[in-house]
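Note sheet for the following structure.
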Amino acid sequence: MRTLTCIAALSAALLMSHSAFAESTAARACATDIKSQCGAEMKSGGAALKTCMKTHFSDLSEDCQVAIIRAAAVGKACRADAKKLCADAKPGKGSLAQCMKSHAADLSDGCKEALAKTSAK
């Protein structure tokens with residue numbers, strides 16, 4: 001279980017640095033937890049927020065932890081699709097998420113499956 005927690009915490013740290021996280025299901029599920037555990041780091045973002053999320057992962061609610069793990073699974077399953085279909089998408093303001101949505105029909109089966117599991121909750 002400790003290994004899973006570490007993997008999830010690292011995934012959370014990576015997600016927190018990604019602008020699409022702000023619009024994600026995980027962000028909504030974690031908003032209160034992040035504010036209570038890492039409120040000061042929210043404003044600075046970046047490395048400070050990553051470190052805080054990693055440190056406090058086990059203190060987050062179960063819903064937040066599950067949402068982060070699911071979001072990490074989507075990120076892993078869709079990474080190749082994002083590189084292939086949205087290589088020109090500039091980071092920030094949800095442009096990658098918008099690009100992926102515009103290519104929904106072109107996504108790999110693995111990516112589609114991961115997205116379906118995330119939205120099934």
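For GLY39, are the conditions met, namely being at pLDDT below 75 and of a type in the set (Gly, Ala, Ser)? No; evaluated as a whole, the condition is false for this residue. Of all residue pairs spaced 6 or more apart or on separate chains, those with beta-carbon atoms under 6 Å, a first member in the range 61-76 that is more than 20 Å from GLY110 (Cβ to Cβ) and a second member that is assigned to a helix (DSSP H, G or I) are SER61/ASP33; ASP63/ALA29; CYS64/ALA29; CYS64/CYS30; CYS64/ASP33.
The values are calculated or read from the model by the stated rules, or taken from the named source; none is laboratory data. As the structure is a prediction and not an experimental result, all values here were calculated from the model. Positions of Cβ are generated from backbone atoms using ideal geometry, with glycine treated the same way; all protein chains shown enter the neighbour counts.
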